[in-house]
1. State the percentage of accessible surface on the range A:1-130 attributable to carbon and sulfur atoms; use a 1.4 Å probe and exclude ligands, DNA and RNA.
2. So how much accessible area does residue A:103 have, in Å² to the nearest 10, using a 1.4 Å probe?
3. Do you know which residues of the range B:74-107 lose at least 50 square angstrom of accessible area in the protein assembly compared with their chain on its own, with a 1.4 angstrom probe?
4. Which Cα, out of B:52, B:40, A:125, lies furthest along the positive dipole direction of the protein assembly as shown (beta carbon charges, K/R +1, D/E -1)?
5. Listed highest first by mean packing, meaning other Cβ atoms within 10 Å per residue, what order do B:116-122, A:32-38 come in?
6. Pop the C-beta distance of residue A:241 and residue A:95 into the FRET formula with R0 = 30 Å and round what comes out to the nearest 0.05.
7. Is the range B:1-83 rounded, prolate or oblate when judged by the Cα gyration tensor, a ≥ b ≥ c being the square roots of its eigenvalues, rounded requiring a/c under 1.5 and prolate requiring a/b larger than b/c?
8. Within 13 Å, Cβ to Cβ, of residue A:188, how many net charges do the neighbouring residues add up to if Lys/Arg are +1 and Asp/Glu are -1?
Amino acid sequence: MKNYELLGVDANSPEEFEERLQDLDAERCDVEGCPLWTYRIRLIQILLNYPCWKQMGYVEISDVAQRLEDGYNAVLDYFRGDWWTEGNIRHVELESPELLPIKPWLNVDAIIKDNAQHMDRSSPSCMFQWYEPLRSGIIFGGLLEKWDDVAHICSALDADVPPEYSAGTIIDEYFHYYLCVAGKLSGQWDAGFEKLLESAKKCRQKRLRDLLAAWEAAVAGDQAAFDKAFPAAIKSFIKRKDDPSEHMGAALDETVIWLIAKRAGLSFPELSDKLNAAVMTCKSLGLDTAP
Amino acid sequence: MRYSIHFFGMDAAAVAQRLRHEPDAIAEAVVARMTAAGAPTEQDLVYSRQFAKNICAGTFSAEDTADEINTLCWMCEDLAEKIDIPEFNLFRSLDYLEDIGVWPLFQLEKPPFPVPGSREALPQVGYLSRSAIERHTADEFAVLPSCNDPEAEDARDDLLGIMESLRDDQLDLLAVLVEV
């Protein structure tokens, strides 16, 4: 059985994925290089689709390692690049205007303003979207075992980064948890992260408590605790219809936790095929013979 | 129209004691919280202070239920632990809440202190005592029929997980259903 079948994911005409892969490649070409923040986020999502589609068994992707590398570079540029600045947009306007998504309702000034509202973190009102790009970056870099590079991405975030606006769909403590993940991976853990971790641990939502237990076991390198907490986290993911961890059927939060556990020297626990199906590993993506 | 349920974990007996003995302090805490959260008008503060004292005394007006319940939420932010459950935020239809099926359970008991509103109209206040929480977590809402919408199932599961945590801490749960 394919992983999406094991997980009971409604793949919506899985036989059409070869065609969808071509569409995805075409969309990638459309958004690549565009210096507008929404396009940058979309590029990262597209690049994350490739390993997730392979994981689910929708389609075979032979060069997944290259696509992970491209994904990592897209995330690095998102956090560290100056592509969003007015100076860069003016430069692109002169040198390669075809990269700007000019529309009747979107001129160059509007692009500059929109970018500043979402990327200029020196502004207190900045609506910086960081958690999905961060999680994607950890997955891309972690699967390639480029942990120094992951640390470089994570160090773009400190404990003062505000939770994203989610219209009440995601609790603040979930964002706090991801900042803690970044804090540990960057090696810049401080009292601010400690405070966020305390806040996340007080959360009464079982789903987040399950994730925290698995992550803490991974960070501590505690195999026995991990063997217990990691399957529980995957089970709570599978039980849910709608979860922020889910992308194309794959469990992204659990994938992050596994990669951190692997880095800490832990072994992948014995899991049922169904639980295995949700988590991307080096082995499941054909990058290595071990998870 | 959108609806939300605001949840507050609390030791309801201790809250009842405070309402009886500290009405002035509670009213001032409401005013301080409202001021810190935004820029309320002086009139808003005057009314809210009075509503808080009315709630403490158990005297309610038929015309001001929405404002009284709004003030109750401010009071609970100070007296209790606000618990965010995303599945109960900003839902569009009361049919969704009906599908989740838990709201009638919140209407079987009354908290040990007076609350504004009625069971007939929105906004409404609901309550689960620790003994009810103990019972529902033990049988995992066995009294409820299956949900039609899988997302309603998520909402029910999330609430159950939170109730397990409240059970472990021996707390009660107040819920305020409002139009937003």
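1. Numbers: 3260 of 6710 Å².
Percent of accessible area from carbon and sulfur atoms in the range A:1-130: 49.
2. The value for residue A:103 is about 80 Å².
3. Residues meeting the cut-off: B:86.
4. So the residue we want is B:52.
5. Numbers: B:116-122: 13.6, A:32-38: 18.9.
Per-residue Cβ counts within 10 Å, averaged per peptide and sorted highest first, yield A:32-38, B:116-122.
6. Details: r = 47 Å, r/R0 = 1.57.
Working from the Cβ atoms, E equals 0.05.
7. On the way: a/c = 1.27, a/b = 1.10, b/c = 1.15.
Rounded is the answer for the range B:1-83, as its axis ratio a/c remains below 1.5.
8. Values: positive: A:184; negative: A:158, A:160, A:190, A:194.
Net charge around residue A:188: -3.
The values are calculated or read from the model by the stated rules, or taken from the named source; none is laboratory data. Values in this document were obtained by computation on a predicted structure and should not be read as measured data. Please note: Cβ atoms are built from the backbone with ideal geometry, for glycine as well, and neighbour counts cover all protein chains shown. Side chains are part of the model used for accessible areas, which takes the heavy atoms of the whole protein and leaves out ligands, DNA and RNA. Shrake-Rupley method; radii C 1.70, N 1.55, O 1.52, S 1.80 Å.
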